[in-house]
Structure formats: structure tokens, C-alpha cells
């Protein structure tokens with residue numbers, strides 16, 4: 001949002017190898033990234049199963065950004081930089 005005439009925000013980026021993630025945010029500060037299917041009818045057949053003795057590893061990147069105009073923000077470029085760093 002706008003703070004002192006600057007567009008500011010947080011970008012949450014799911015890492016390579018993560019299962020499908022659904023996310024949402026609210027203007028009061030909550031930011032959610034969930035690897036488990038949303039419990040709605042179309043998703044009832046989808047599952048995230050973690051077998052006994054195995055683990056679930058999730059990786060995320062977070063970018064805190066500030067720009068003069070909302071149009072200046074390029075989330076795709078930030079995500080590509082994140083992926084490049086993760087794959088080194």
C-alpha cells in the first residue's frame with residue numbers, strides 16, 4: 001500500500017520443490033502460505049501426505065519492496081532473482 005507517497009509491500013515467493021501452495025494476505029497484516037489443499041469441494045480429492053518417518057521441507061523467499069509508483073513493481077523479476085539464487 002501507500003506510505004508517505006511510496007508504494008510498499010511484501011512479496012512471498014514459494015521455493016522450487018514446494019508442493020502447490022495457496023496463499024492470501026489481508027490489509028491488517030496477515031500473510032498466509034499453506035501447502036495443504038483448501039477445504040472446498042473441488043479440492044476434496046487433493047491431499048498432502050507426509051509418511052511416517054519422512055519430512056516436509058518448504059522453502060520461501062520474502063521480498064520487502066518500496067517503489068515510487070505501483071506500476072514500478074515487477075514481481076516476476078523479483079521471483080526470477082529468487083529462483084536464480086535458490087538454484088545456485
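When restricted to residues that are more than 22 Å from residue 84 (Cβ to Cβ), in contact with a strand residue (DSSP E or B) (Cβ under 8 Å, 6 or more places away or on another chain) and assigned to a loop (DSSP other than H, G, I, E, B), region 3-22 contains 0. Considering region 34-64, the residues that are in contact with a helix residue (DSSP H, G or I) (Cβ under 8 Å, 6 or more places away or on another chain) and modelled with pLDDT of 90 or more include one that is surrounded by the fewest Cβ atoms within 10 Å (Cβ to Cβ), namely 59.
Figure legend. Inter-residue proximity from region 39-68: first residues closer than 17 Å to residue 12 by Cα, second residues surrounded by fewer than 10 Cβ atoms within 10 Å (Cβ to Cβ), beta-carbon distance below 9 Å, spacing 6+ or different chains. Indicated pairs: 57/17; 58/17; 59/16; 59/17; 61/85; 66/3.
Screening the candidates 31, 83 for the property of being over 17 Å from residue 17 (Cα atoms) and surrounded by 11 or more Cβ atoms within 10 Å (Cβ to Cβ) yields one hit, 31.
The values are calculated or read from the model by the stated rules, or taken from the named source; none is laboratory data. Note that the coordinates shown come from a computational prediction; the quantities given were computed from them, not determined experimentally. Note that each Cβ is placed from the backbone with ideal geometry, even for glycine, and that neighbours are counted across all protein chains shown.
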